[in-house]
């Protein structure tokens, strides 16, 4: 999401967006705000934290790194600073890695070849 412009993979923080639309009209306003890349979007709050705990009254479907895990009522996520090493080139056309993924992939391939991988 562009609304999390300040999100950095190496800053030791989780960037969290809480969406709270209640009606179809709220969903439409939220979607329109996201599509227009507005800094503030109705029905969406953003936060940063080193630890996030989510609680629900009933079991909810959950994912871990894109894979489904057993449904549950609680989920706690925390940051382990400097555990994961990122080594990616800065895209030339946009500082947001998601917007220049093709160029980054090509550069990453050249880096791997140079390193002998």
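The values are calculated or read from the model by the stated rules, or taken from the named source; none is laboratory data. This structure is a prediction, so every number in the text was calculated from the model and none was measured. Quick reminder, even Gly has a Cβ in these numbers, built from the backbone with ideal geometry, and neighbours come from all protein chains shown.
Values as computed for the structure displayed
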quantity	calculated
Tally of residues being loosely packed, with under 12 Cβ neighbours inside 10 Å and under 24 Å from residue 48 (Cβ atoms) across the stretch 17-37	5
Any hit, the stretch 54-63, residues being at pLDDT 85 or above and within 14 Å of the chain's Cα centre (by Cα)	yes
Residue pairs meeting the criteria (Cβ under 7 Å; at least 6 apart or on separate chains; first at positive phi, in the stretch 30-50; second at pLDDT 75 or above)	43/19; 43/20; 43/21; 43/26; 43/29; 43/30
Hits in the stretch 1-16 (condition: at pLDDT 85 or above and over 18 Å from residue 80 (Cα atoms))	none
